[in-house]
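Colleague: Here it is, the structure, as structure tokens.
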Amino acid sequence: MTTGKYTTVSIPKSLYNRIKKLVEETGFKSVSDYVTYVLREVVAMHESEKYEEPFGEKDLEEIKKRLKALGYI
Amino acid sequence: MVSRPHGGRLVVRVASENRRERVLASAAEYIQLKIGLREAYDVENIGYGVYSPLDGFMVSEDLEHVLLDMRLSSDIPWTIPIIVSVTQEEKTFDVGDEVLLVYDGHPLAVMQVEDIYSYDKKLYVEKVFKTSDPSHPGVYNVLREMGEYLVGGRIELVDTVPNPYSKYYLRPIETRVLFRERGWRTVVGFQTRNAPHMGHEYVQKTALSFVDGIFINPVIGRKKKGDFKDEVILEAYTELMRNYYPRDTAVLSIVRYEMRYAGPREAIHHAIMRKNFGCTHFIVGRDHAGVGGFYGPYEAQEIFKEFPDLGVTPVFFREFFYCRKCGGIVHEKICPHGEEHRIRFSGTYVRNAIKKREDIPPYIIRPEVARVLLSHPDPFV
């Protein structure tokens, strides 16, 4: 059981058929399952390129001070 | 760069010093909601970003997605409900109110109530624990101890539960700086609730061979009777690492958290927590986060296939053992010898030997670690 909350996107029929053939040889239940899996992987990869550490120079100095005091650095 | 926080942003929900003082000074004027230790640790983990991207307790839409899809409503992977429950009698507030979450007389956080909702306990336990058998401790907790309503909303941390091991405690923002200072780009996380034996050490060092550093992250929280006490585990690890790990390749730091014993789902949750600390990899062993015979020995490894977007790489291990014929610590992929040659690492064996003050062979446990365990007159909970 899932939340069942889905929407529709369009892909070329030829690609659909290609995936359908591929899916038959894998553990995926449907073309939609396969496309969802692949898209999640690709989206996560693109998202991971956009990240900056959540601390500025001032935070950094304070954190380093604590790490030093605790013997970590 | 170490791992990007889960959901893309490290959440910090800690009140400013002024706000904290104001809240604590006027604590008596707030509607107060008493919470248990589990929720108190959850509050801390939300506040410091261990549970990023969560910024509060789950509202009904997120819970529904977590139960049915193992994802938040934003599609981000999430497998364990992070919730606070109330009984009918405790439901003395409404959506829009600010409630003070209090543990054992300590005000911990202000919660903006965004949702108050009922839930289906049977569906909850069947989805999270894959059983409704009340002999499962997680199921028991939901069916017998949780209230009939859940309250969702953002929190703002004003204090934490007193921590006797604060010198071992690092927040995700601190581990991220630490890993950067050490020049680690790849970090493997190791979760533990036990004193280390040679099986643990081999798993850790095998994983460490492929990455820059290891983050050994014992869970500190309520334990079962007969488990090693938290201070014993920490002392044992400190001694192990001092003697057998290069200083610049390993970090020991605790996380305060109560186990749910949800097996596969909890393995994903453990990986997410370590990702937020900055880990790029996470070790998943045999029957990870399992209890009794509720889960298959490698079910907690198989579930990772369902999350191509988890953002942390699981490192799977089967069981290590000592083989008399190989003359070393091995696992079934590299040892051709029969069961008669194999000595399994058993926590029960170690505990019994310590109780009886017996010597433990050095291929089971390091002598330095054994000395720590034996130095405590009563090392068990």
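The values are calculated or read from the model by the stated rules, or taken from the named source; none is laboratory data. None of the values given here were measured: they were computed from a predicted structure. FYI the Cβ positions are ideal-geometry reconstructions off the backbone, even for glycines, and counts take in every protein chain you see. Surface accessibility is based on the protein's heavy atoms, side chains included, excluding ligands, DNA and RNA. Shrake-Rupley method; radii C 1.70, N 1.55, O 1.52, S 1.80 Å.
Colleague: Spot the failing condition for B:Phe210; the list is (1) of a type outside the set (Gly, Ala, Ser); (2) touching a strand residue (DSSP E or B) at 6+ places or on another chain (Cβ under 9 Å); (3) not in a loop (DSSP other than H, G, I, E, B), and only one is missed.
Modeller: Of everything listed in (1) of a type outside the set (Gly, Ala, Ser); (2) touching a strand residue (DSSP E or B) at 6+ places or on another chain (Cβ under 9 Å); (3) not in a loop (DSSP other than H, G, I, E, B), B:Phe210 misses just condition (3).
Colleague: How many residues are surrounded by fewer than 19 Cβ atoms within 10 Å (Cβ to Cβ), closer than 28 Å to B:Glu339 by Cα and either of a type in the set (Gly, Ala, Ser) or in contact with a Phe, Trp or Tyr (Cβ under 7 Å, 6 or more places away or on another chain) (or both) if we restrict to the stretch B:292-314?
Modeller: 3
Colleague: Still on this model: Could you check the stretch B:39-78 and list, in sequence order, the residues that are within 21 Å of B:Gly147 (Cα to Cα) and in a loop (DSSP other than H, G, I, E, B)?
Modeller: Within the stretch B:39-78, B:Met58, B:Val59 qualify.
Colleague: Output the residues belonging to the stretch B:46-88 that are under 18 Å from B:Gly8 (Cβ atoms), touching a residue at least 40 places away in the same chain (Cβ under 8 Å) and of a type outside the set (A, V, I, L, M).
Modeller: B:Tyr48, B:Gly49, B:Tyr51, B:Ser52, B:Pro53, B:Asp55, B:Gly56, B:Asp62, B:Ser74, B:Pro77, B:Trp78
Colleague: So which residues in the stretch B:350-367 are assigned to a helix (DSSP H, G or I) and surrounded by fewer than 16 Cβ atoms within 10 Å (Cβ to Cβ)?
Modeller: B:Asn352, B:Lys355, B:Pro367
Colleague: Residues that are open to solvent by less than 70 Å² (accessible area, probe 1.4 Å) and under 20 Å from B:Arg71 (Cα atoms), at least 3 per element: which helices (runs of 4 or more DSSP H) completely within chain A meet that?
Modeller: A:31-48
Colleague: Any residue at all in the stretch B:73-82 that is surrounded by fewer than 23 Cβ atoms within 10 Å (Cβ to Cβ), more than 30 Å from B:Thr186 (Cα to Cα), among the β-branched types (Val, Ile, Thr) and more than 14 Å from chain A (Cβ to nearest Cβ)?
Modeller: Looking for residues that are surrounded by fewer than 23 Cβ atoms within 10 Å (Cβ to Cβ), more than 30 Å from B:Thr186 (Cα to Cα), among the β-branched types (Val, Ile, Thr) and more than 14 Å from chain A (Cβ to nearest Cβ), one finds none in the stretch B:73-82, hence no.
Colleague: With the structure loaded, tell me whether B:Asp120 is within 21 Å of B:Val59 (Cβ to Cβ) and of a type in the set (Asp, Glu) or whether it fails that test.
Modeller: yes
Colleague: When you scan the stretch B:187-199, do you find a residue that is β-branched (Val, Ile, Thr), modelled with pLDDT of 95 or more, in contact with a Cys (Cβ under 6 Å, 6 or more places away or on another chain) and open to solvent by less than 10 Å² (accessible area, probe 1.4 Å), even just one?
Modeller: Within the stretch B:187-199, one or more residues are β-branched (Val, Ile, Thr), modelled with pLDDT of 95 or more, in contact with a Cys (Cβ under 6 Å, 6 or more places away or on another chain) and open to solvent by less than 10 Å² (accessible area, probe 1.4 Å).
Colleague: Is one or more of the residues making up the stretch B:278-297 in contact with a Lys or Arg (Cβ under 6 Å, 6 or more places away or on another chain), within 12 Å of B:Gln191 (Cα to Cα) and modelled with pLDDT of 95 or more?
Modeller: Let us first name the residues in the stretch B:278-297 that are in contact with a Lys or Arg (Cβ under 6 Å, 6 or more places away or on another chain), namely B:278, B:282, B:297.
Pick out the ones that are also within 12 Å of B:Gln191 (Cα to Cα) and you get B:282.
After this cut, where a residue has to be modelled with pLDDT of 95 or more as well, the list is B:282.
Yes, because at least one residue in the stretch B:278-297 is in contact with a Lys or Arg (Cβ under 6 Å, 6 or more places away or on another chain), within 12 Å of B:Gln191 (Cα to Cα) and modelled with pLDDT of 95 or more.
Colleague: From B:Gly183, B:Gly153, grab the single residue that is away from chain A (no Cβ under 14 Å) and small (Gly, Ala, Ser).
Modeller: Result: B:Gly153 is the single residue among B:Gly183, B:Gly153 that is away from chain A (no Cβ under 14 Å) and small (Gly, Ala, Ser).
Colleague: Quick one: A:Gly56 ticks every box in (1) farther than 13 Å from B:Ile173 by Cβ; (2) more than 10 Å from every other protein chain (Cβ to nearest Cβ) except a single one, so which number is it?
Modeller: A:Gly56 satisfies every listed condition except (1).
Colleague: Hey, among B:Asn141, B:Asn163, which residue is surrounded by fewer than 21 Cβ atoms within 10 Å (Cβ to Cβ), under 20 Å from B:Tyr257 (Cβ atoms), polar (S, T, N, Q) and away from chain A (no Cβ under 14 Å)?
Modeller: Being surrounded by fewer than 21 Cβ atoms within 10 Å (Cβ to Cβ), under 20 Å from B:Tyr257 (Cβ atoms), polar (S, T, N, Q) and away from chain A (no Cβ under 14 Å) holds for just one of B:Asn141, B:Asn163, which is B:Asn141.
Colleague: When the stretch B:368-381 is examined, which residues are found to be of a type outside the set (D, E, K, R) and in a helix (DSSP H, G or I)?
Modeller: B:Val369, B:Ala370, B:Val372, B:Leu373, B:Leu374, B:Ser375
Colleague: Quick one: which residue in A:Ser10, A:Ser14, A:Ser30, A:Ser48 is among the polar types (S, T, N, Q), within 20 Å of B:Lys305 (Cβ to Cβ) and more than 12 Å from every other protein chain (Cβ to nearest Cβ)?
Modeller: Every option except A:Ser30 fails the conditions.
Colleague: Please go through the stretch B:5-57 and give me each residue that is within 12 Å of chain A (Cβ to nearest Cβ), under 19 Å from B:Val255 (Cα atoms) and not β-branched (Val, Ile, Thr), ordered by number.
Modeller: B:Pro5, B:His6, B:Leu10, B:Tyr48, B:Gly49, B:Ser52, B:Pro53, listed by residue number.
Colleague: Turning to a different aspect of this structure: Mind counting the residues in the stretch B:285-324 that are within 14 Å of chain A (Cβ to nearest Cβ) and not small (Gly, Ala, Ser)?
Modeller: Count: 11.
Colleague: So is B:Ile214 of a type in the set (A, V, I, L, M, F, W, C) and touching a Pro at 6+ places or on another chain (Cβ under 7 Å) or not?
Modeller: On the way: of a type in the set (A, V, I, L, M, F, W, C): yes; touching a Pro at 6+ places or on another chain (Cβ under 7 Å): no.
The answer is no for B:Ile214.
Colleague: With the condition kept exactly as written, say whether any residue in the stretch B:46-67 is open to solvent by less than 50 Å² (accessible area, probe 1.4 Å), touching a Leu at 6+ places or on another chain (Cβ under 8 Å), at positive phi and outside the structural domain of B:Val188 (by TED's automatic domain parsing).
Modeller: The answer is yes; a qualifying residue exists.
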